[in-house]
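Below: the structure, in structure tokens.
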Amino acid sequence: MLKVRLLLLLSLFSFSKKSIAQDWANLTRYKSQNEKLLTMPKDENRVVFMGNSITEGWTKSFFDNPSYINRGIGGQTTPQMLLRFRQDVIELDPKVVLILAGTNDIAENTGPMSLEEIRDNILSMVELAEANEIYPIVCSVLPAYDYPWRPGLAPNIKIPKLNAMLKSLAEHEGIYYLDYFTAMADDRNGLPSKLTTDEVHLTKEGYLILSDMVEKAIKEVLEK
């Protein structure tokens, strides 16, 4: 009996150590890059791109621009981004941050999330940016007809509803709303085949559309 109890305690201790060690928000992902960046002369027009796999997978040549800092992490949801927002955005002291988030929340990557909860997490990122004199650009969630890794959650219905909330959020805050959805959606509220590899992630043609829209938005914001 004593042996069983000892084994149970060891098992619980092992589980506890794993839980403590788990980097749920992936705070270590960009830690070394951030430290290196902070030792370099600051770019006056620095722009941070906060997002998920859409941001992380952006055409690398786009980020040859030394003013553009990619801080996307594939699969992430808004609560994870919110946890790392200080170190991956605020401490880098950019002029502008683009926030592209929400589709993985709808896919329930870290558990069920209401559209209001997603919107509120994005609002918290906006408020953190504004409190630190960083101009936030809120991006619409890209079209997705269905998620190949989690089918049946009707993102083609939920994403337009979330985007309407994000547009209202941006209008209320008096900030830029970058509407990728309208520029890219087909008649299913999904992505056309030429723009996507799997109904969610983008082809080179898809990124060209994003890049053109982003460049115009950043130019407009920096000129204000």
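The values are calculated or read from the model by the stated rules, or taken from the named source; none is laboratory data. Here the structure is a predicted model, which means the values were calculated and not measured. Virtual Cβ from ideal backbone geometry, glycine too; neighbours counted across all protein chains shown. Please note that ligands, DNA and RNA were not included when accessible areas were found on the heavy atoms of the full protein model with its side chains. Shrake-Rupley method; radii C 1.70, N 1.55, O 1.52, S 1.80 Å.
Summary of computed values
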| read-out | value |
| --- | --- |
| Subset of segment 162-176 [touching a residue at least 40 places away in the same chain (Cβ under 8 Å), of a type outside the set (A, V, I, L, M, F, W, C) and either farther than 21 Å from Lys219 by Cβ or open to solvent by less than 50 Å² (accessible area, probe 1.4 Å) (or both)] | Tyr176 |
| Leu222 being among the hydrophobic types (A, V, I, L, M, F, W, C), more than 19 Å from the chain's Cα centre (by Cα) and open to solvent by 20 Å² or more (accessible area, probe 1.4 Å) | yes |
| Residue among Ala131, Ala107, Ala144, Ala101 that alone is closer than 18 Å to Trp24 by Cα and over 11 Å from the mean Cα position of the chain (by Cα) | Ala107 |
| Residue in segment 139-147 that is within 23 Å of Leu202 (Cβ to Cβ), among the hydrophobic types (A, V, I, L, M, F, W, C) and assigned to a helix (DSSP H, G or I) present | no |
| Asp93 vs. criteria among the charged types (D, E, K, R), modelled with pLDDT of 95 or more, on the phi > 0 side of the Ramachandran plot and out of contact with any Gly (no Cβ under 9 Å at 6 or more places or on another chain) | yes |
| Members of segment 170-194 found to be in contact with a Pro (Cβ under 9 Å, 6 or more places away or on another chain) and either of a type in the set (S, T, N, Q) or under 26 Å from Asp64 (Cα atoms) (or both), listed by number | Tyr176, Tyr180, Phe181, Met184, Asn189 |
| Among the residues listed as Asp64, Asp105, Asp88, the single one being over 18 Å from Thr197 (Cβ atoms), modelled with pLDDT under 95 and either buried (at least 21 other Cβ atoms within 10 Å of the Cβ) or of a type in the set (D, E, K, R) (or both) | Asp64 |
| Members of segment 42-61 that are closer than 18 Å to Leu222 by Cα, open to solvent by 10 Å² or more (accessible area, probe 1.4 Å), out of contact with any Pro (no Cβ under 9 Å at 6 or more places or on another chain) and not basic (Lys, Arg) | Glu44 |
| Within segment 185-213, considering residues that are assigned to a helix (DSSP H, G or I), touching a residue at least 24 places away in the same chain (Cβ under 8 Å) and not hydrophobic (A, V, I, L, M, F, W, C), the one most open to solvent (accessible area, probe 1.4 Å) | Lys204 |
| Selected residue (criterion: nearest to Leu210 (Cα to Cα)) from residues of segment 148-161 that are assigned to a loop (DSSP other than H, G, I, E, B) and open to solvent by less than 40 Å² (accessible area, probe 1.4 Å) | Ala154 |
| Residue check for Ala131: of a type in the set (A, V, I, L, M, F, W, C) and within 23 Å of Ser114 (Cβ to Cβ) | no |
